[in-house]
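Enquirer: This structure is in structure tokens; I'll ask about it shortly.
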Amino acid sequence: MKFEDLLLEIGGFGRFQILILFVLCLARINLPMHFLLHSFLAATPSHHCAIPHQEAFVNLTMEEILLISIPREPDGTFRSCEMFSQPQFHLLLNSSLQPENDSIIQNCQHGWVYDHSQFTSTISTQWDLVCEQRGLNQATATFFFIGVTIGAVVFGYLSDRFGRKSMLMLSLVFSVIFGMLSAASVSYSMLAITRTLTGMALSGLSLIVLPLGMEWVDIEHRTFSGVLTSIFWSIGNMLLALIAYMVREWHWLLVAVTGPCLLSIIYLWWVPESARWLIANGKVKQAHKHLLRCARMNGMKDFALSPEALRTITTDKKPGESYSYISLFRTPVLRKISLCSGAVWFGVAFSYYGMSMKLTGFGLNMYLSQFVFGIIEIPAKIIVYVLVNRIGRRQSQAWSLILTGLCIGANIIIPKPFTSLRSVVAITGKGLSEAAFTTVFLYTSELYPTVLRQNGMGYTSFVARLGGALAPLVFLLDEVWRSLPEVTYCGVAVCCGSVAFLLPETLNVRLPEGIEDIEKTQVKEPLQTSAPEGMPLQSLLK
Ligand SMILES: O=C(O)CCCC(=O)O
């Protein structure tokens with residue numbers, strides 16, 4: 001008897017499953033509030049060099065003091081990172097004159113003065129992460145995603161070894177601890193370390209919420225559950241815009257986005273362990289207790305099977321077989337799938353986070369940009385679930401990523417004053433990048449055989465996290481050439497999207513079980529409208 005047959009007996013999508021899904025979806029809201037926090041946590045307001053002995057210029061206005069102390073850009077704005085070595089009083093007479101010969105333009109010698117009209121404080125103003133220190137500012141996002149990458153490996157193993165529920169609670173407890181410690185950071189080093197550890201902890205939440213929900217749901221409701229859970233990521237996106245709008249001080253901003261993790265610990269306490277995991281690991285008494293509870297809540301007749309009878313239930317694990325990440329590259333077709341899907345996942349995450357962290361320059365304030373970037377994801381996900389069954393996974397994946405890159409590239413060419421057009425293009429690009437992210441979960445889970453699917457998703461997720469970690473650092477390339485970051489995001493997205501054309505189509509293809517199914521030619525079968533049997537959609541991100 002398969003676990004799916006058992007679900008039919010106790011109800012595969014009744015009140016029990018709906019309640020589990022709703023509670024787990026709420027928990028997923030925590031993720032984007034940390035994953036996309038960098039734009040607000042590390043925002044750099046306009047600033048200029050601090051001017052010493054200002055009291056000596058008693059008869060001058062602030063504007064005049066700046067004029068004689070700070071050099072200006074060609075557009076007339078004051079430079080952020082330089083000052084005159086001597087006051088240039090002659091500029092008071094004619095501001096277009098050149099500095100006196102013996103005066104030099106030097107880096108800021110006495111710190112910076114910031115515009116606090118938008119932010120009370122950010123980590124950038126707290127530790128002067130500007131000018132030569134600007135790289136450290138972007139690095140805080142990279143440290144976070146390095147933590148997410150490490151956490152993906154750690155929690156991927158722990159959730160299979162010790163169970164989904166216990167590791168989910170552990171992930172949330174550590175998220176609260178390290179989130180609050182990062183809010184209490186007294187130095188840049190402490191913030192870097194605690195943000196890395198917060199990323200590690202939240203990686204468990206990112207990996208476990210989906211499988212824990214999907215493994216209780218029957219096959220025909222798995223795709224719907226995947227969409228629903230994924231939509232809560234977008235709701236978290238919008239909630240972050242609201243919280244960041246209300247909280248303009250970085251310590252309290254970290255407290256505000258970490259607090260919901262504490263709430264999640266309370267309401268997730270009720271969620272049962274995955275019965276599929278319990279049975280696969282011989283814990284039949286606990287599985288029987290949860291299955292009985294499920295049957296009763298779903299109004300099904302009392303659950304007939306005894307705990308011992310559950311030992312005969314077959315799950316996805318095949319006894320005696322063991323696979324590792326190396327298995328993904330041992331045979332020719334699998335090797336090609338792993339190399340190409342790795343490139344696609346890198347491009348998807350690299351462009352998604354590159355776009356998500358660029359909230360200015362389109363004419364919208366950054367809070368509205370964040371909110372709109374979140375809301376556009378919902379129609380994008382719904383359109384994707386139609387497209388992947390009409391034009392296929394491969395075309396959907398390739399074109400969503402290529403068009404994301406072209407939108408990024410278009411905004412390099414569209415002049416800055418065309419703010420409305422730039423906004424429309426940026427928002428379209430963000431929707432396409434979300435479409436690419438949504439497609440890649442489904443497509444990859446179908447590309448790998450059941451025996452290797454967890455490893456395949458773990459490998460591709462690892463590569464994706466590397467993309468997310470590199471994305472913030474690419475912004476620093478604007479010191480080489482102003483448009484180089486956008487050119488990089490555009491080029492990577494188009495190239496990685498083109499690689500998707502090399503992958504086999506999985507629409508209407510029987511889902512592969514073993515490696516031999518991959519190495520022989522693909523067999524056309526009735527339409528596959530849901531995630532692989534026994535393997536939930538998006539639940540495999542390991
Ligand atoms: O896991 C991530 O880094 C993004 C997930 C986006 C989504 O679920 O749509």
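The values are calculated or read from the model by the stated rules, or taken from the named source; none is laboratory data. Model, not experiment: these values are computed from the prediction. Cβ: placed from backbone, ideal geometry, glycine included. Neighbour counts: every protein chain shown.
Enquirer: Considering only segment 458-481, I want to know if a residue exists there that is surrounded by fewer than 23 Cβ atoms within 10 Å (Cβ to Cβ), more than 14 Å from the chain's Cα centre (by Cα) and not in a helix (DSSP H, G or I).
Expert: yes
Enquirer: Within segment 359-409, track down each residue that is without any contact (Cβ under 8 Å) to a residue 12 or more places away in the chain and either assigned to a loop (DSSP other than H, G, I, E, B) or aromatic (Phe, Trp, Tyr) (or both).
Expert: Across segment 359-409, the qualifying residues are Thr360, Asn365, Ile391.
Enquirer: Looking at Val209, Val271, Val176 in this structure, which one is in the same structural domain as Val154 (by the TED database), touching a residue at least 12 places away in the same chain (Cβ under 8 Å) and not in a helix (DSSP H, G or I)? Step through it out loud before you land on a result.
Expert: Values: Val209 fails: not in a helix (DSSP H, G or I); Val176 fails: not in a helix (DSSP H, G or I).
Criteria check complete, one pass: Val271.
Enquirer: Follow-up question, since we're still on this one. Inside segment 275-303, can you point out the residues that are at pLDDT below 90 and polar (S, T, N, Q)?
Expert: Listed by number, the list holds a single entry, Asn281.
Enquirer: Is it true that some residue in segment 242-259 is in a helix (DSSP H, G or I) and closer than 27 Å to Val384 by Cβ?
Expert: Narrowing segment 242-259 to residues in a helix (DSSP H, G or I): 242-246, 250-259.
If we keep only those that are closer than 27 Å to Val384 by Cβ as well, we get 242.
Scanning segment 242-259 turns up at least one residue that is in a helix (DSSP H, G or I) and closer than 27 Å to Val384 by Cβ.
Enquirer: Select from segment 376-392 the residues that are within 16 Å of the ligand (Cβ to nearest atom) and either modelled with pLDDT of 95 or more or not β-branched (Val, Ile, Thr) (or both) and list them in ascending order.
Expert: Glu377, Pro379, Ala380, Lys381, Tyr385, Leu387
Enquirer: With the structure loaded, tell me whether Thr229 is in a helix (DSSP H, G or I), within 16 Å of the ligand (Cβ to nearest atom) and under 21 Å from the mean Cα position of the chain (by Cα) or whether it fails that test.
Expert: Working: in a helix (DSSP H, G or I): yes; within 16 Å of the ligand (Cβ to nearest atom): yes; under 21 Å from the mean Cα position of the chain (by Cα): yes.
Judged against the criteria, Thr229 is a match.
Enquirer: With (1) surrounded by 15 or more Cβ atoms within 10 Å (Cβ to Cβ); (2) in the same structural domain as Leu473 (by the TED database); (3) of a type outside the set (Gly, Ala, Ser) as the list, and Tyr323 as the residue in question, which single condition is left unmet?
Expert: For Tyr323, the failing item is (2).
Enquirer: Of the conditions (1) modelled with pLDDT of 90 or more; (2) within 16 Å of the ligand (Cβ to nearest atom); (3) more than 22 Å from Val384 (Cα to Cα), Ser189 satisfies every one except a single condition; which number is it?
Expert: Evaluating Ser189 over (1) modelled with pLDDT of 90 or more; (2) within 16 Å of the ligand (Cβ to nearest atom); (3) more than 22 Å from Val384 (Cα to Cα) leaves (2) as the failure.
Enquirer: Please work out if Thr460 is within 20 Å of Leu484 (Cβ to Cβ), β-branched (Val, Ile, Thr) and either within 14 Å of the ligand (Cβ to nearest atom) or out of contact with any helix residue (DSSP H, G or I) (no Cβ under 6 Å at 6 or more places or on another chain) (or both).
Expert: Considered against the rule, which asks whether it is within 20 Å of Leu484 (Cβ to Cβ), β-branched (Val, Ile, Thr) and either within 14 Å of the ligand (Cβ to nearest atom) or out of contact with any helix residue (DSSP H, G or I) (no Cβ under 6 Å at 6 or more places or on another chain) (or both), Thr460 comes out as no.
Enquirer: Can you tell which of Ala398, Ala426, Ala436 is within 14 Å of the ligand (Cβ to nearest atom), buried (at least 21 other Cβ atoms within 10 Å of the Cβ) and not assigned by the TED database to the domain that holds Arg222?
Expert: Just a single option satisfies the conditions, and that option is Ala436.
Enquirer: Sticking with this one: Can you tell me which residue within segment 25-72, out of those that are of a type in the set (Phe, Trp, Tyr) and away from the ligand (no atom under 16 Å from the Cβ), is nearest to Ser225 (Cα to Cα)?
Expert: It comes out as Phe40.
Enquirer: Another one. Pairs needed: first member in segment 146-158, in contact (Cβ under 8 Å) with a residue 40 or more places away in the chain and within 12 Å of the ligand (Cβ to nearest atom); second member anywhere, among the aromatic types (Phe, Trp, Tyr) and part of a helix (DSSP H, G or I); C-beta distance under 7 Å; at least 6 residues apart or different chains.
Expert: If the second residue must be among the aromatic types (Phe, Trp, Tyr) and part of a helix (DSSP H, G or I), the pairs left are Thr149/Phe462; Ala152/Phe462.
Enquirer: Right, something else. Pairs only if they're at least six apart or on different chains, beta carbon under 7 angstrom, first in segment 233-252 and within 16 Å of the ligand (Cβ to nearest atom), second assigned to a helix (DSSP H, G or I) and of a type in the set (D, E, K, R); list them, first residue then second.
Expert: What qualifies is Trp233/Arg28; Ser234/Glu377; Gly236/Arg28; Asn237/Glu377.
Enquirer: Filter segment 352-375 down to residues that are closer than 16 Å to Val474 by Cα and within 13 Å of the ligand (Cβ to nearest atom) and give me whichever is surrounded by the fewest Cβ atoms within 10 Å (Cβ to Cβ).
Expert: The qualifying residue surrounded by the fewest Cβ atoms within 10 Å (Cβ to Cβ) is Met357.
Enquirer: Let me ask something additional. Could you give every pair whose Cβ atoms fall below 7 Å, whose first residue belongs to segment 182-198 and is surrounded by 22 or more Cβ atoms within 10 Å (Cβ to Cβ), and whose second residue is among the basic types (Lys, Arg), counting only separations of at least 6 or pairs across chains?
Expert: From segment 182-198, the pairs are Ser182/Arg195.
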